[in-house]
1. In nm, what is the difference between 0.36 nm times the number of residues separating residue 50 and residue 82 and their Cα-Cα distance?
2. Find, among the trypsin sites (Lys or Arg not before Pro) in the stretch 81-133, those assigned to loop by DSSP (not H, G, I, E, B) with at most 12 other beta-carbon atoms within 10 angstrom.
3. Given [x] 23.1, 92; [y] 15.0, 47; [z] 18.9, 67 as candidate values of Rg and Dmax of the Cα atoms in Å, which corresponds to the one derived from the coordinates?
4. Pull out a ≥ b ≥ c, the square roots of the eigenvalues of the alpha-carbon gyration tensor of the stretch 3-76, then state rounded if a/c is under 1.5, prolate if not and a/b is larger than b/c, and oblate in the remaining case.
5. Per-residue HN-Hα couplings for the stretch 155-166, Karplus 6.51 cos²θ - 1.76 cosθ + 1.60 at θ = phi - 60°, whole Hz, x for Gly and Pro?
6. Quick one: net charge of residue 37's neighbours, Cβ under 15 Å, K/R +1, D/E -1?
Amino acid sequence: LRLELKSRSARTSWVVLEPRDLVNVKPLGQPPFRVRLAPGETRLAGRLVIRNPEAPPGYGTRWRVLPGDPHAVHDDRWRYRMPFGGSRSVAISQGYQGSFSHRGANAYALDFAMPKGTPILAARGGTIVEVVDDQVARGLRSGDDERDNRVVIEHADGTFSLYAHL
């Protein structure tokens, strides 16, 4: 079984495709599958092999578009500002590789417990590539970071900043 993706975006994107709910199939290679898609391009993302040809196969997929380049190397010459402005000290509620949600691509995230209505400022220059501002009742423990309010900024070196839990 071929898992193909077609870009409908006007810009090059990285897409992560994760096979789920596998019945009588197994992935060839290690999921999730990551694919770079140019505008209008169709690419093979991964393959699933049927284990028993006598039984029906079944699977689902989950996919998401990644801002930035997952292979980008951070340029250490950049200095970051605090994303809430000012010079006062603020407690970090969860740091690097925190126990709640800072794993994988989010391993180096920092959470600041700020009052509702605090302005959010870009910690470093870049281009805003995503804004989600329609989730009213999402909390920190929603279990689905992809549905939380957020702002994503792509930087010149291909890395990105994610401002979430808004």
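What follows draws every value from the coordinates through simple rules; no lab data is involved. These numbers come from a predicted model, not from an experiment. For neighbour counting, all protein chains shown are included, and Cβ atoms are generated from backbone atoms with ideal geometry for every residue, glycine included.
1. Separation in residues times 0.36 nm, less the Cα-Cα distance, equals 6.5 nm.
2. 81, 88, 103, 116
3. Recomputing Rg and Dmax of the Cα atoms in Å here picks out [z].
4. Working: a/c = 3.13, a/b = 2.02, b/c = 1.55.
Prolate is the answer for the stretch 3-76, as a/c is 1.5 or above and a/b outweighs b/c.
5. 9, 4, 8, x, 7, 9, 10, 10, 10, 10, 6, 8
6. +4
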